[in-house]
Amino acid sequence: MQPKKRVNYIKNWIVNYCNSIEKKPSYLVVGVSGGIDSAVVSTISALTGFKVKALSMPIRQLKFQDDLSKKHIKWLVKNFSNVDGVILNLDETFNSFEKTLNRFKSEHAFANSRARLRMTTLYQVAGSSGGIVVGTGNKVEDFGVGFYTKYGDGGVDISPIADCTKTDVWDMGKYLGIADEIIKAEPTDGLWADGRTDEKQLGMSYKELEIAMKDPNDKNYNKYLEIRKKNLHKINPIPVCIIKK
């Protein structure tokens, strides 16, 4: 599917969903990280005609990440009259959280807590204005290998690019006129002080993952399965204890 057709399909899907639920949302609420996924989702959300709240939520963010996020929000506000750009610095909130939980110190757990704090912020904004939270997870990292934070960036109301590969997202970004710096930026979850990339954490690039997901004979297929297996607890439904009668 060509990028233009894919963008229109996703835009119409969002519109149809919003019109189908009992209470039509007042806003589409999207977290803007400075990455390509959130840039594409926030732009398509703006194209729906619904009011959009685009949130930048820095938590001890590296300057280049924060700059890209703010640049995209500025671009959205300039090009779409239905977009409200919101900058919410969560440094102080996270510092307090970290201090309170210091006895349970864990770098990895605190990194995930950043994502969960952002999720809570998105839902606070959505709840205050009758909105819904629009997810930015794609087919490869979120729904392929589960590279996201459970109840963090995985906590959303709708997931419009869940069936799009990273390449699809990059192509849509080019079609939509997203800034080159965002399209070309090394993918990162932005949760670490050292700015580590997704590829460094996964041990594979997204292009390699895409190939492996489609071809069981690919040299990286088993590695893809190993990564996915570790994260199935996020992808699969929550285990429920069924009481037999």
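For region 105-165, just list the percent of Cα-Cα distances falling in each 5 Å bin from zero outward, please.
In whole percents, the pair-distance histogram is 4, 19, 23, 22, 17, 10, 3, 0.
From the P(r) of region 63-134, could you give the percentage of C-alpha pairs in the tail past 17 Å?
The share of Cα pairs beyond 17 Å in region 63-134 comes to 58 percent.
With the crude spin-label approximation of a point 7 Å out along Cα→Cβ, what separation in nm comes out for ASN19 versus SER106?
Rounded to a tenth, the inter-label distance reads 4.6 nm.
Kirkwood Rh over Cα pairs of the chain into Stokes-Einstein at 37 °C, 0.692 mPa s: D in µm²/s?
175
Would you calculate, for the chain, the mean residue ellipticity at 222 nm contributed by helices, counting each DSSP H stretch of 4 or more residues as -39,500 (n - 2.57) and dividing by all residues, to the nearest 500?
-15500 deg cm²/dmol
What is the gain in length, in nm to one decimal, between ASN8 and ARG196 on full extension, counting 0.36 nm per residue of separation less the C-alpha to C-alpha distance?
Once the chain is fully extended between ASN8 and ARG196, it gains 64.3 nm.
Over the chain, what relative contact order in percent results from Cα pairs under 8 Å that are six or more residues apart?
Once normalised by length, the contact order is 21 percent.
What's the long-distance tail for region 115-245, i.e. % of Cα pairs beyond 17 Å?
It works out to 66 percent of all Cα pairs.
Looking at ASN79, TYR17, LEU225, which one has the Cα that reaches farthest to the positive end of the dipole of the chain (charges on Cβ: Lys, Arg +1; Asp, Glu -1)?
Selected residue: TYR17.
Considering lysine pairs in region 85-186 that are 8 or more places apart or on different chains, how many have Cα atoms under 24 Å apart?
Here the count comes out as 10.
For the chain, build the charge dipole from Cβ charges (+1 Lys, Arg; -1 Asp, Glu) around the Cα centre, then report which of GLN65, THR100, VAL7 sits farthest towards its positive end.
THR100
Based on Cβ point charges of +1 for Lys and Arg and -1 for Asp and Glu, what charge dipole magnitude is obtained for region 3-198 about its Cα centre, in debye rounded to the nearest 20?
Taking the Cα centre of region 3-198 as origin, the dipole is about 400 debye.
Could you name the lysines in cross-link range of LYS51, using Cα to Cα under 21 Å and dropping any fewer than eight places away on the same chain?
LYS11, LYS23, LYS24, LYS70, LYS71, LYS74, LYS78
In this model, which of LYS53/LYS230; LYS214/LYS234; LYS200/LYS223; LYS5/LYS230 are farther than 23 Å apart at the alpha-carbon?
From LYS53/LYS230; LYS214/LYS234; LYS200/LYS223; LYS5/LYS230, over 23 Å: LYS53/LYS230; LYS5/LYS230.
Values quoted throughout were computed directly from the atomic coordinates according to the rules given, and no laboratory measurement underlies them. What you see is a predicted model; the values in this text were computed from it and never measured. Quick reminder, even Gly has a Cβ in these numbers, built from the backbone with ideal geometry, and neighbours come from all protein chains shown.
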